[in-house]
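The values are calculated or read from the model by the stated rules, or taken from the named source; none is laboratory data. Note that the structure is a prediction, hence the values are computed from the model and not measured. Please note that ligands, DNA and RNA were not included when accessible areas were found on the heavy atoms of the full protein model with its side chains. Shrake-Rupley method; radii C 1.70, N 1.55, O 1.52, S 1.80 Å.
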Amino acid sequence: MTDPSSLRDRLRAALPAAMKARDRATASTLRATLAAIENAEAVDVAVVPAAGAIEASAVGIGAAEAARRELSEADVAAIVRAEIAEREHAAEVYEGSGHADKAAELRAAAAVLTTFLA
């Protein structure tokens, strides 16, 4: 069982709250960050066994599935930090091209994620 105070669990718990509050920006940011975490857990293609003869294949539901990687709390925090950095960099790019409104949205998204690291 996961630690209820883990970063991932706090992000997951905040998503329904943002949806109930109809805060689309926060909900979108949380969804994207949770997706990035899920993607990081995916198994590399090289690790997945290649298909062979039918008689040598695994039998049964889920028999051929590869276990997902387990991320540590530090790994999850690093992903969240990368998401923050990505949004801040994109905000700088938008700011430089004269789109202050989009830059403000991205900075607000980065601020939302920053609150979870504190």
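How do Arg68, Arg22, Arg8 stack up against each other in accessible area, from largest to smallest, with a 1.4 angstrom probe?
Arg22, Arg68, Arg8
Leaving ligands, DNA and RNA out of it, work out the accessible area of Ser5 with a 1.4 Å probe and give it in Å² to the nearest 10.
My reading of the accessible area for Ser5 is about 70 Å².
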